[in-house]
Amino acid sequence: MSSQLKQRFLKLLKEDEEFRYAVAGLLGLEEILKRLDRHEEQLVKLREDMNKLREDMNRGFELIERRISALGARWGLQTEEAFREGLKGIMEKEFGVKVERWVERDKEGMVYDHPSDIEVDIAVKDGKTMLIEISSHIKASDIPIFRRKAEF
């Protein structure tokens, strides 16, 4: 192709919109543009599918987290009871005290400000009864409650 023809061709592409579209059609750009549109539609669908999958996964993770929390709570109760039984055995063996669980209904709400069952541990030795609390952990807020249990 001659240099003049190339220059004329490029000038027509720049300046003549109708010529530019005719060349684009001959080159198959219209088909390429249609394909790009289809690809864009597929990408939008894929993004929607991914968002739905992410939502489903988040729901699944939340469910797993709730179940793990429930297991942890259950395990905590079981380990608390195991701790209580172990410490009860040690106190009975090492100190010669009999440890028992005492449960009584607080109808007036003296301990918790509403009617509830009150549970305490008692240690008995030589006819003397001591109020004790066997727990694997204690918070400062447990102390006034223990005092109210003792008063009850």
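What follows draws every value from the coordinates through simple rules; no lab data is involved. Please read these numbers as outputs of a predicted model, since none were measured by experiment. Here the Cβ positions follow ideal geometry from the backbone for every residue, glycine too, while neighbour counts run over all protein chains shown.
So which trypsin sites (Lys or Arg not before Pro) in segment 99-152 pass both tests, a DSSP loop state and at most 12 other Cβ atoms within 10 Å of the Cβ? Please report the intermediate quantities before stating the final value.
Working: sites: Arg101, Arg105, Lys107, Lys125, Lys128, Lys139, Arg147, Arg148, Lys149; in loops: Lys107, Lys139.
Counting only loop positions with at most 12 other Cβ atoms within 10 Å, the trypsin sites (Lys or Arg not before Pro) in segment 99-152 are Lys107, Lys139.
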For Rg and Dmax of the Cα atoms in Å, with candidates [x] 40.2, 122; [y] 21.8, 69; [z] 19.4, 53, the value calculated from the shown model is option [x]
So, with points 7 Å from each Cα along the Cβ direction, the Ile132-Glu104 label distance in nm works out to 2.0
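How high is the relative contact order of the chain, given as a whole-number percent (alpha carbon pairs under 8 Å, six or more residues apart)? Walk me through the numbers on the way to the answer.
Numbers: 95 pairs, mean separation 19.6, N = 152.
It comes to 13 percent, rounded to a whole number.
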Furthest towards positive pole of dipole, Ile143, Thr79, Val111, structure part segment 78-151, Cβ charges: Ile143
Gap separating the Cα centres of segment 1-58 and segment 127-141, nearest whole Å: 79
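Counting Lys and Arg as +1 and Asp and Glu as -1, what is the net charge of the other residues whose Cβ lies under 12 Å from the Cβ of Glu41?
Details: positive: Lys34, Arg35, Arg38, Lys45, Arg47; negative: Asp37, Glu40, Glu48.
Neighbourhood net charge equals +2.
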Candidates Arg20, Arg35, Arg84; GNM for the chain (alpha-carbon contacts under 10 Å) flags as most fluctuating Arg20
Subtract the Cα-Cα distance of Arg54 and Ala24 from 0.36 nm times their separation in residues, and report this length gain in nm to one decimal. 6.7 nm
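Which pairs, out of Lys128/Lys149; Lys98/Lys139; Lys107/Lys149; Lys88/Lys125; Lys93/Lys149; Lys6/Lys34, put more than 21 Å between their alpha-carbon atoms? Could the numbers behind the result be given before it?
Numbers: Lys128/Lys149 18 Å; Lys98/Lys139 26 Å; Lys107/Lys149 13 Å; Lys88/Lys125 14 Å; Lys93/Lys149 26 Å; Lys6/Lys34 29 Å.
Cα-Cα > 21 Å for Lys98/Lys139; Lys93/Lys149; Lys6/Lys34; rest within.
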